[in-house]
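Beneath this line is the structure, given in C-alpha cells, with notes to follow.
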Amino acid sequence: MITARVFPGLLLHAVFLFAVLAIHSRSVEAIERIRVFPVIFFPQDAKLSKGRIDSAYQKMSDSLVHVQSHFRRLLISDTFLIEQNPDKVFRSARPHRYFLGSPNAKPDSAHLMLGELLRHYGETRESTRRVYVLVYVRPGEIECSWIDKHRMCIGGGRTIDSFPEPGGGIVQMEFSSLMENKPYRFLSTVTHEIGHGFGLTHVDCFNYDMRRNDSIMSYHDAHLPAELGKGKFYGNLNPEEYALLSLHRRAFPRFRYDPALHNPTGRPISGLMRCLLGPMDSSLGLPPRKGYRLYYDGKKVSGPEAALYTYQAAEDNCRWNRKHRPGIDVGCTFNGRPLSYWRKRIPTR
Ligand SMILES: [Zn+2]
C-alpha cells in the first residue's frame, strides 16, 4: 500500500521539520546573550551618599536605554540587552591608587577593574555574558585631568576577547561625565565606547576621516546631544561596522548584514579582520577554549600565548608556516574550528 509507506515517511519528515524549526527558533532565545551591565565603581577610599548613588544610577540607566534605542534605530532588527544591576554599585577593597596610581602601569586600569568585577561576580573572561559599563568615583570627587598624570582621566571601551566570537567587554567612564558632562559628554562618549565594548575599532582603520565620518566610531563630536532628549540623536554605522556587528552573535543574534541595506554604494569591504580590537591580556587569565592553535602533522605546537592571537595574526602565522614548513601537514584552528570556517563567514562587500 502506497499510502501506508508514504504516510509514515511524511509524518517523520514533518516531525523532523518541526524539530528543526523548533531548534532554530529556540536557538536565538537559547543563546546566552551578552548584556550591558551598569555599575558605579568605588575604590575603597571613595564614597557618595545613598541619595546621590540612587540618582546617579537612575541617570545611568536612562542614558543606556537611550543608547539602546539608538542601536535599535541603526540595526532595526536587533539591539543590545541591558541587565539591571540590583547592587547598583561595586565597592572595591582596594584604594584609588591601586587602579589609577601610575598611568603607565601594566596591567592597566581596564584590566584591574574588570579583574575585580569578574572575581566578585564569580566569572571568567570566557564565562561572562556582560559588557560592564562602569562609572568610576574618585575619592573626594577630585577632578580628573588630561594633563596631570597623577589624576589622569579615564574613558574607554574594550572587548575581552576578539572576533570572530567576541564575548564580554568593559567600558570605563568618569562619574563626573555622567553627572556634569565633564571632562567629556556622557551620551556621545558612552555610545562610542559601547561600540568598542562590542569589538569595533575606529573608522580610520577603514580609511574614513576620524573627524568627518558620521559613524559613532569616529570623533565627530557634533553627533550627539549632551543631554537626554535634546536635539537630534544621530551617529551612524559604516558598512564595515554593520558587517562586524552581524558577526557578534551573542550580542545581536537577530541582526543580519544585508549588503543592499547596509552597503548601498557597494563599497568593497576589505581588512575587516585587520581592523579589530585585540583581546585583553593574560592578566585576566587565558581563554581555554578560544584563540589560535597550530598543529604539525596533527600535533599541537603552539604555546599558550596563541590563545590571545587575533584572527588576523592567526591567519598570518598559519600562512607563514604553510609556506616555510614543506613536508609538514600544517593545521590551524581558531576557537576550535578551521580558519576557513571563519573566512567563509566574513562579508566582502
Ligand atoms: Zn575610541
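The values are calculated or read from the model by the stated rules, or taken from the named source; none is laboratory data. Nothing here was measured: the structure is a model prediction, and the numbers come from that model. Cβ sites come from the backbone with ideal geometry, for glycine too, and all protein chains shown count toward neighbours.
For the structure I just gave you, tell me whether Gly155 is within 16 Å of the ligand (Cβ to nearest atom), buried (at least 20 other Cβ atoms within 10 Å of the Cβ) and either of a type in the set (Val, Ile, Thr) or within 23 Å of the chain's Cα centre (by Cα) (or both). No; evaluated as a whole, the condition is false for this residue. Checked against (1) in contact (Cβ under 8 Å) with a residue 24 or more places away in the chain; (2) out of contact with any Ser or Thr (no Cβ under 7 Å at 6 or more places or on another chain); (3) on the phi < 0 side of the Ramachandran plot, Tyr121 passes all but condition (1). Checked against the criterion of being modelled with pLDDT under 95, farther than 25 Å from Leu286 by Cβ, among the β-branched types (Val, Ile, Thr) and outside any strand (DSSP E or B), region 144-160 has at least one qualifying residue.
Out of Arg97, Arg72, one residue alone is farther than 20 Å from Pro139 by Cα and not in a loop (DSSP other than H, G, I, E, B). It is Arg72.
Here region 200-219 is the region considered, the condition is being crowded, with 19+ Cβ neighbours inside 10 Å and either acidic (Asp, Glu) or within 12 Å of the ligand (Cβ to nearest atom) (or both), and the residue that is nearest to Thr159 (Cα to Cα) is Leu200. The residues of region 164-178 that are over 9 Å from the mean Cα position of the chain (by Cα) and either without any contact (Cβ under 8 Å) to a residue 40 or more places away in the chain or assigned to a loop (DSSP other than H, G, I, E, B) (or both), listed by number, are Pro164, Glu165, Glu174, Ser176. I want to confirm something. Restricting to region 173-199 and keeping residues that are of a type outside the set (Gly, Ala, Ser) and near the ligand (Cβ under 10 Å from one of its atoms), which single residue is surrounded by the most Cβ atoms within 10 Å (Cβ to Cβ)? It comes out as His192. Taken over region 95-116, the criterion of being touching an Asp or Glu at 6+ places or on another chain (Cβ under 6 Å) and surrounded by 17 or more Cβ atoms within 10 Å (Cβ to Cβ) is satisfied by His96 alone. In region 114-132, is there at least one residue being modelled with pLDDT under 95 and within 16 Å of the ligand (Cβ to nearest atom)? No, that holds for no residue. Residues in region 298-349 that are in a helix (DSSP H, G or I), among the small types (Gly, Ala, Ser) and surrounded by 13 or more Cβ atoms within 10 Å (Cβ to Cβ): Ala306, Ala307, Ala313, Ala314.
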